[in-house]
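Visitor: Mind looking over this structure? Questions follow.
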Amino acid sequence: MKKVIIIGASSGIGRALAELYVAKEFLVGITGRRKTLLEEIQSAHPDQVVVSAFDVNELKSEVHLNALVEKLGGVDIVIYSSGVGEFNKDLDFAIEKQMIDTNVMAFTQVADWAYQYFKKQGMGSFASITSMAGMMGSRHAPAYNASKAYQINYLKGLRQKVKRQKLAVSITDLRTGFVDTPMAKAASKFWVATPQKAAAQMSQAIQQKAAVAYITKRWGIVGFFLRLFA
Ligand SMILES: NC(=O)c1ccc[n+]([C@@H]2O[C@H](COP(=O)([O-])OP(=O)(O)OC[C@H]3O[C@@H](n4cnc5c(N)ncnc54)[C@H](OP(=O)(O)O)[C@@H]3O)[C@@H](O)[C@H]2O)c1
C-alpha cells in the first residue's frame, strides 16, 4: 500500500488531497492543528487515515513526522499544504511574522526533513503548494507573495541537489491560482477551482514527477507572461 503524508490537511486543498488519496487506496497521514477536523476525516476512513495533530510553527515537525512515518510504516509522498495568507496593507509585523513562520521557516524544516528522508530511502516525492503570488510582488500582502517566492526558489534548489546527487526523488512546485477555500480572500477572483479539481491536478503532477505544475493548468498562461514581464 502506497503512503502519503499531507501537512495541513484539516481544511481546504489539503483536506481534498487527503480524501483523494484515500479514494486512490493510499494509507494517508494527515496533520494540522485542528485535531477535531483531522479526527473527522479519520473516523470516516479508520483503516486508511492516521492523524498527527501539531503546529508546524513549534518547529518540532521532525519529531512528529518521524513518529507518523513509524505509524504508517514508511512514506512515499510528502505534501506541504500548510500555509497562512493575509492581506497586510499596514505592515503589522505580527501578521507578517505568522506568514514568514509558516510559509518560510516551517516549510523549510519540513522540506529538509522530506529531502533527507527520501535521500536515505533512495526514492520518494516531495511537493509543496506554492502560489502564482510567488511570481510577483504585492503591496497588499508583501510577506505572503515573498514567502511563496521563497518556496518556489527553495524547491528549485532542492531539485538541483537531487540532480547533482542523481537521486530518484521528485520535488514538485504546485504553483496554484485561486482555489475556493477560506484562504482565497481577494475581492476580485477569476478561474477559481474547487479544492477537488485542484487536488486532482496536484496528484497527477506528483505522479508524473513534474518539476513545476500550474494548478489549474490554465494558470500556465499567466505564468508565461509573469516570467516575461513581472
Ligand atoms: N486557496 C487559494 O486560492 C490558494 C492559492 C494559492 C496557494 N494556496 C496555498 O494552498 C495551501 C493550502 O491553503 P488552502 O487554500 O487549502 O487554505 P486553508 O483551508 O486555510 O488551509 C490551510 C491549512 O494550513 C494548515 N496550517 C496553517 N497554519 C498551520 C500551523 N501553524 N501548523 C500546522 N498547520 C497549519 C491549516 O490547518 P490548521 O489550521 O488545522 O493548523 C490548514 O489545514 C496554502 O499553502 C496556500 O498558500 C492557496
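The values are calculated or read from the model by the stated rules, or taken from the named source; none is laboratory data. Model, not experiment: these values are computed from the prediction. No Cβ is skipped: glycine too gets one built from the backbone with ideal geometry, and neighbour counts run over all protein chains shown.
Visitor: Starting from the range 45-67, take each residue that is within 16 Å of Ile100 (Cα to Cα) and list its partners that are modelled with pLDDT of 95 or more and basic (Lys, Arg), counting only C-beta distances under 6 angstrom and pairs at least six apart or across chains.
Guide: Qualifying pairs under 6 Å: Asp55/Arg33.
Visitor: Mind checking which pairs have a first residue in the range 112-133 that is more than 21 Å from Val84 (Cα to Cα) and a second that is modelled with pLDDT of 95 or more and charged (D, E, K, R), Cβ under 7 Å, 6 or more apart or different chains?
Guide: Between residues of the range 112-133 that are more than 21 Å from Val84 (Cα to Cα) and residues that are modelled with pLDDT of 95 or more and charged (D, E, K, R), the close pairs are Gly124/Asp76; Ser125/Asp76; Ser125/Lys209.
Visitor: Same structure, new question: Name the single residue that is farthest from the chain's Cα centre (by Cα) among those in the range 1-22 being more than 9 Å from the ligand (Cβ to nearest atom) and assigned to a loop (DSSP other than H, G, I, E, B).
Guide: Met1
Visitor: Next question, about the same structure. Would you call Asp101 under 24 Å from Gly134 (Cβ atoms) and either touching a residue at least 40 places away in the same chain (Cβ under 8 Å) or of a type in the set (Asp, Glu) (or both)?
Guide: Details: under 24 Å from Gly134 (Cβ atoms): yes; either touching a residue at least 40 places away in the same chain (Cβ under 8 Å) or of a type in the set (Asp, Glu) (or both): yes.
Criteria met by Asp101.
Visitor: Taking into account only those residues within the range 23-59 that are charged (D, E, K, R), part of a loop (DSSP other than H, G, I, E, B) and more than 11 Å from the ligand (Cβ to nearest atom), which is surrounded by the fewest Cβ atoms within 10 Å (Cβ to Cβ)? Give the derivation first.
Guide: Taking the range 23-59 as the starting set, the residues that turn out to be charged (D, E, K, R) are 24-25, 33-35, 39-40, 47, 55, 58.
From what's left, part of a loop (DSSP other than H, G, I, E, B): 24-25, 33-34, 47, 55.
Subsequent filtering for residues that are more than 11 Å from the ligand (Cβ to nearest atom) retains 24-25, 47.
Working: Lys24: 12, Glu25: 10, Asp47: 7.
The qualifying residue surrounded by the fewest Cβ atoms within 10 Å (Cβ to Cβ) is Asp47.
Visitor: Any residue that is in a loop (DSSP other than H, G, I, E, B) and either within 18 Å of the chain's Cα centre (by Cα) or over 19 Å from Lys148 (Cβ atoms) (or both) - is there at least one of those in the range 200-209?
Guide: Step one: filter the range 200-209 for residues in a loop (DSSP other than H, G, I, E, B), giving 208-209.
Of the ones still in play, those that are also either within 18 Å of the chain's Cα centre (by Cα) or over 19 Å from Lys148 (Cβ atoms) (or both) are 208-209.
Yes - at least one qualifying residue is present in the range 200-209.
Visitor: Now for a separate question. Spot the failing condition for Ile206; the list is (1) surrounded by fewer than 18 Cβ atoms within 10 Å (Cβ to Cβ); (2) out of contact with any Lys or Arg (no Cβ under 9 Å at 6 or more places or on another chain); (3) touching a residue at least 40 places away in the same chain (Cβ under 8 Å), and only one is missed.
Guide: Ile206 satisfies all of (1) surrounded by fewer than 18 Cβ atoms within 10 Å (Cβ to Cβ); (2) out of contact with any Lys or Arg (no Cβ under 9 Å at 6 or more places or on another chain); (3) touching a residue at least 40 places away in the same chain (Cβ under 8 Å) except (1).
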